[in-house]
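To keep things clear, I will list the structure first and then write my remarks on it.
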Amino acid sequence: MDKEFVNMVNANRGIIYKVCNLYFSEEEDKRDLFQEIVLQLWKSYPSFAKMSLLSTWIYRVALNTAISSFRRAKVKPSCKPISVLEFDIPDLVQSAKQNERLHLLMDAIQHLSKVEKAVILLYLEEKSYEEMSDIMGVSKTNIGTKINRIKTKLETIIKSVRDESR
Amino acid sequence: MNLDEIKSVWKEYDLRLQMTQKINEKIIVSMIAERSTSRFVKARRNYIAGMTWMVICLLLGCAVLLGNPFDYYLTAQYIPIAIYCFCIAIFTGAMAHTYICLKKISISHNTLDISLKKIIGIYEKPKKFLKYALIVFLFTQVFLFPLSFLPKGIEKFGLWLALSERLIPISISFLMLYTANKLGAFKERNAENFKADLNELNELRAVAAELKEN
């Protein structure tokens, strides 16, 4: 089970990276969130009943941690092990400034609320309404309404961000 | 940028993230280590708060002994408060001793299991003695302290009526104590948490060794 866990985290690291990059811009905050997500996954892994898809479960744990738990228990440890300090969350936004469109999109997403960020992430990941409602714990109708509102909001933000930068 | 463009940008971003380097399992072990460090720092901070509270309680007990606000007139009436002060002094001393021992330990990644074993040992050592002290303390507060007002009651209402009148505060205290116990107020959680950390760490070490072999 343990070896399985490490492999599982590695196979789905992209999901965790995306959540971290979406919710924080500071490297230290991203690292803290990443650790908290991995710990929550590790804690709930034995009870993961495989009733839902593995990715659904990872999204649920990661987004729940980012939205609620991490906000409540933001107690920063006084010191960090060297191996964790060496670890960087791949951002690809800062490192690829030439990719203007990605930079613009990430900038616009930062203007959304925590819950809106979660919804737009799942939408961009092309999750079905059913999966989204399973991850977010809200009804499909509610998800549909939210997506329409957020899409319009995101397009408006992108437009204004682009206008500002000109 | 329209929605289709947004989606294509995101897809590209996703693909590039998938191609990033794999995470070393050592990092996951370090995360457990960090959580222990944070819990350790928190436990030490709690000890300082606990000791401060105990000193305040001790001062209040001493004030009762010296000032006699309950108008005790028999030496026996002072016994519950004297036991209270004695027990509080023991708890404060035990806490100070544990705090000093914990302060000597530093958690590092390489010596995490040794440090965790040491911490658990510090918590486990005075457990039995403190358990007896706590029983004496609670018995005194629930039964003996309300009875210290009995002599006055006997003078006023006679023996049986005074005894039955004293049953009211005793029952209330007992009920409060029972509820607190049911809610886990007397559980020592720190040692349990550190034990869980040690178990997790051993499991992760086994994974790391297995991965190395493979």
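The values are calculated or read from the model by the stated rules, or taken from the named source; none is laboratory data. All figures in this text were calculated on a predicted structure; none of them were measured in a lab. Glycine also receives a Cβ, built like all others from the backbone with ideal geometry; neighbour counts cover every protein chain displayed. For accessibility, only protein heavy atoms count, side chains too; no ligands or nucleic acids. Shrake-Rupley method; radii C 1.70, N 1.55, O 1.52, S 1.80 Å.
Brief remarks on what is shown
- Heavy-atom accessible surface that A and B bury in contact, both chains counted, 1.4 Å, Å² to 100: 4400 Å²
- Set A:30/B:128; A:117/B:182; A:43/A:114; A:43/B:125; A:30/A:140; A:153/B:26 screened for pairs whose C-alpha atoms are more than 32 Å apart: A:30/B:128; A:117/B:182; A:153/B:26
- Computed over the range A:118-158, the range of Cα coordinates on each principal axis works out to 29, 18, 12 Å, biggest value leading.
- Heavy-atom SASA rank of B:4, A:134, B:71, A:29 (probe 1.4 Å, accessible area, largest first): B:4, B:71, A:134, A:29
- Cα gyration tensor shape for the range B:39-186, rounded if a/c is under 1.5, else prolate or oblate: prolate
- Surface listing: A:48, B:145 arranged by accessible area from highest to lowest gives B:145, A:48, probe 1.4 Å.
- The fraction of Cα-Cα pairs per 10 angstrom bin, counted from 0 for the range A:95-166, comes to 19, 46, 26, 9, 0 percent, rounded to whole percents.
- Rolling a 1.4 Å probe over the protein heavy atoms leaves residue A:160 with an accessible area of roughly 50 Å².
- Area accessible to solvent at residue B:83, 1.4 Å probe radius, in Å²: 50 Å²
- For the range B:52-185, the Cβ-based charge dipole about the Cα centre amounts to some 540 debye (Lys, Arg positive; Asp, Glu negative; other atoms uncharged).
- List A:123, B:178, ordered by accessible area with a 1.4 Å probe, largest first: B:178, A:123
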